[in-house]
Each structure stands twice: as structure tokens, then as C-alpha cells.
Amino acid sequence: MAIKSICRSAVLAIAGTGLCSSAFAQDLRRDLHAGSNISQDEATSLESQLIESPEDLSARARLVGHYADQRFQNDAARAKHLVHVLWFIKNAPEANLLAGPEVLIFEAFAADGYAKGKDAWSSHLENNPNNLRILKHAANFFRLHDRQLAIQILNHAQSLDQEEPEWARQLGHLHQLDIRLLDGTRDPAAAKRALAQFERAYELSDELGREAMLRYLGTSAFQSGNFEKATAYAGKMLEENVQDWNYGNRIHYGNLILGRIALLEGNIEEAKARLVAAGETPGSPQLNSFGPDMTLARELLAHGDADVVLEYLSLCSEFWELDRGDLERWIVQVRAGETPDFGGNLMF
């Protein structure tokens, strides 16, 4: 990464906010993660501590982590989370915890808070247009509610720091969100934009980073209609035998991509075999929580192949730990001759 550029920008930012130097130097994500394990009594103590020392970044980061998970169920926690996140945005925009999902402000829950955050980031961007950390953190803030602005910010960051793969990865993911249209169809142009960024990230990444990119390369290539590239990336996924955290994802998506291509070519038996192979994945952190992709299963149901879909659903029960009863409900519906609403599990 262009470290000299970041440091030069950081020096400029320090003149505007006295906390930027400290925030730039500290790994506050460690404190944020630690905060998810503190008790309510400890949180109350930290709140009191901040009254005396409001610039204690470590204490404030732990409180953000403490309230982050609770904010979806608890109005009081959401209000406190908002206070601390806005404080970081206004006073320490370079703090590395502002790059993660724990600091997102959801406009539907806190419209006024989101507006305040937007104003603060707009001011930082105006005053520090070339500060890479501020660009990164602002893009994270805007990615849910103003995707085009986030893309604009990341494009600028990429123009400043052309050898950093992270900008391309983030741009690829944002363009990927534009692929699925409201009517359920896919936008090939958005998929091509995503693929171009993922390929750029792949070229700029080290070996470990490249391996993690294969799933996104394969799915975006498929969605763009470039089945030759999709086949190549899927094959590379299945050739990798490293038993790492991403192994289950490679097995799952590599087979699903090849299965969907086989189905388009009219090879139903190959598509069915690939669906079963995708279900035989050992799982992964993502698959165990968010679950499997059901697009090929739905397409095979449309061909009248309910038996293989039932087998797939049964296999998925071996790794999907947080299915909230979805698999059992889908099995009942498929047995009844229905096509379930797979919702967010129709991923590509």
C-alpha cells in the first residue's frame, strides 16, 4: 500500500483534529472486539470513565463493540452506540474501527444520526480529499445507503493508490450489489464492472489474497455471461486442495457455477451431480452462518427434479448451523410440490 501517501495525508489531518495522530496509531479494532465480551457493569464503568476522559479512545472503542450487537434489539443500546460512533466520526475519522460493519449507522433506525454522520464525513472529505484512511472509512459509511457515492470515493482512492488491491476488492463488492435488480433479474453490465474490479484485485494480491478472490471471480463472470471465464475460475476453485478456512466455499461455489453452466447447456445429470457435490462441502464460516446458495436448487425444481433438491437440502443441514428452521420448512414445501421462497439465499 502507498504508506507514504497515507502518512502524508495523516499529517494534514492532524492539524484539523487533535486526536487524529493517536487514532491513526492505535489498533482500536482490538478494543472493539474486546468490548463485545464485557458485562453491563463494565460498560457502565467505562461510560463513567469517559465523562472524566472523553478522549480515551480505547474505552470508547470497547463501548462501541459492547453496543454493536445489542443495537438491533435494544433502543437504549442503539442510542448509546450512535453517540460513540458519531464521536469517532467527528473527532477521530482515521480510527481503524471505522472500517468495519460494527460502526454502520442504519438510516431506517436512526435517520437523524445518519444525517449527522453524513455531514461529518462530507466535511472530512472536503478538508482531506486525499487522505486514504478517511476515504476508506467514508466509503464504508456510505456503502449501504449511498452506494454510488461510496463507489465515487473508492474510485478516487484507487486513482491515488493504484497498487493497493483493497480498493478494487471493495469496488467489486459494491458493483456486485448492483447486479440483482428489484424484479429478480440480473444486470450483466454491473456484473462486468464487478468482474473487472475483482480481476484487478486478483492481479494485485498476494497468493493468499488471490485464493480468497476466486469465488467472486467465478460468480461475477457467470453473471456477466462470460461462461468461459466462469468455468476456468470454478475449475481453479476445485483444483485447490488447501484445507483452509475458505476450502468449503471453494467446494460449494465451484460446483454450483459448473452446475448452472451445465444446466444452461442442457446437461441435467451433470447439473444434478454438481448440486450434490456442492452440498457435500464441509462448510465454512460463511456457509455455516448465512447458509448455502439455493439458485441451482431452484432451477432444478423448475425442471421437476425435486429428489436431488431434497438430497441437497439434507446435505446442507450438516453444516448450516444458523438456519433458523429454513431447511426444515423448505423440505416440507418441496415434498408438497412447492417451490420455496429462498429469499436471500439466492446469491448469484
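The values are calculated or read from the model by the stated rules, or taken from the named source; none is laboratory data. All values derive from a computational prediction rather than experimental measurement. Heads up, the Cβs are rebuilt from the backbone with ideal geometry, glycines too, and the neighbour counts pull from every protein chain shown. Heads up: the accessible areas ignore ligands, DNA and RNA and are worked out on the full protein's heavy atoms, side chains in. Shrake-Rupley method; radii C 1.70, N 1.55, O 1.52, S 1.80 Å.
Find the residue count for the range 316-335, including only residues that are open to solvent by less than 70 Å² (accessible area, probe 1.4 Å) and either out of contact with any Leu (no Cβ under 9 Å at 6 or more places or on another chain) or outside any helix (DSSP H, G or I) (or both).
Qualifying residue count, the range 316-335: 7.
Looking at the range 145-169, which of the residues that are open to solvent by 50 Å² or more (accessible area, probe 1.4 Å) and within 20 Å of ASP206 (Cα to Cα) is nearest to the chain's Cα centre (by Cα)?
Initially, the range 145-169 is screened for residues open to solvent by 50 Å² or more (accessible area, probe 1.4 Å), giving 145, 147-148, 152, 155-156, 159-160, 162-163, 169.
Retained after the next criterion (residues that are within 20 Å of ASP206 (Cα to Cα)): 162-163, 169.
Numbers: GLN162: 22, GLU163: 22, ARG169: 10 Å.
Filtering the range 145-169 for residues that are open to solvent by 50 Å² or more (accessible area, probe 1.4 Å) and within 20 Å of ASP206 (Cα to Cα), the one nearest to the chain's Cα centre (by Cα) comes out as ARG169.
Taking the residues in the range 336-348 that are assigned to a helix (DSSP H, G or I) and at negative phi as candidates, determine which candidate is surrounded by the most Cβ atoms within 10 Å (Cβ to Cβ).
Filtering the range 336-348 for residues that are assigned to a helix (DSSP H, G or I) and at negative phi, the one surrounded by the most Cβ atoms within 10 Å (Cβ to Cβ) comes out as ASN345.
Given (1) surrounded by fewer than 20 Cβ atoms within 10 Å (Cβ to Cβ); (2) in contact (Cβ under 8 Å) with a residue 12 or more places away in the chain; (3) not small (Gly, Ala, Ser), where does MET213 come up short, assuming only one miss?
Looking at each condition in turn, MET213 falls short on (1).
Here is a list: GLY266, GLY291. Which entry is at positive phi and open to solvent by 10 Å² or more (accessible area, probe 1.4 Å)?
Exactly one of GLY266, GLY291 is at positive phi and open to solvent by 10 Å² or more (accessible area, probe 1.4 Å), namely GLY266.
Can you tell me which residue among GLU207, GLU203 is open to solvent by 50 Å² or more (accessible area, probe 1.4 Å), modelled with pLDDT under 95 and not polar (S, T, N, Q)?
GLU207
Of everything in the range 216-242, what is of a type in the set (A, V, I, L, M, F, W, C) and either free of Cβ contacts under 8 Å to residues at least 24 places away in the same chain or open to solvent by 60 Å² or more (accessible area, probe 1.4 Å) (or both)? Give them in sequence order. Steps first, please.
Just the residues of the range 216-242 that are of a type in the set (A, V, I, L, M, F, W, C), to begin with: 217, 221-222, 227, 230, 232, 234, 237-238, 242.
Answer for the range 216-242, where residues must be of a type in the set (A, V, I, L, M, F, W, C) and either free of Cβ contacts under 8 Å to residues at least 24 places away in the same chain or open to solvent by 60 Å² or more (accessible area, probe 1.4 Å) (or both): LEU217, PHE227, ALA232, MET237, LEU238, VAL242.
Residue by residue through the range 84-109, note down the ones that are surrounded by fewer than 16 Cβ atoms within 10 Å (Cβ to Cβ) and among the hydrophobic types (A, V, I, L, M, F, W, C).
Scanning the range 84-109 gives PHE106, ALA108, PHE109.
Of the numbered conditions (1) open to solvent by 20 Å² or more (accessible area, probe 1.4 Å); (2) at pLDDT 95 or above, TRP245 fails exactly one; give the number of that condition.
It fails just one condition, (2).
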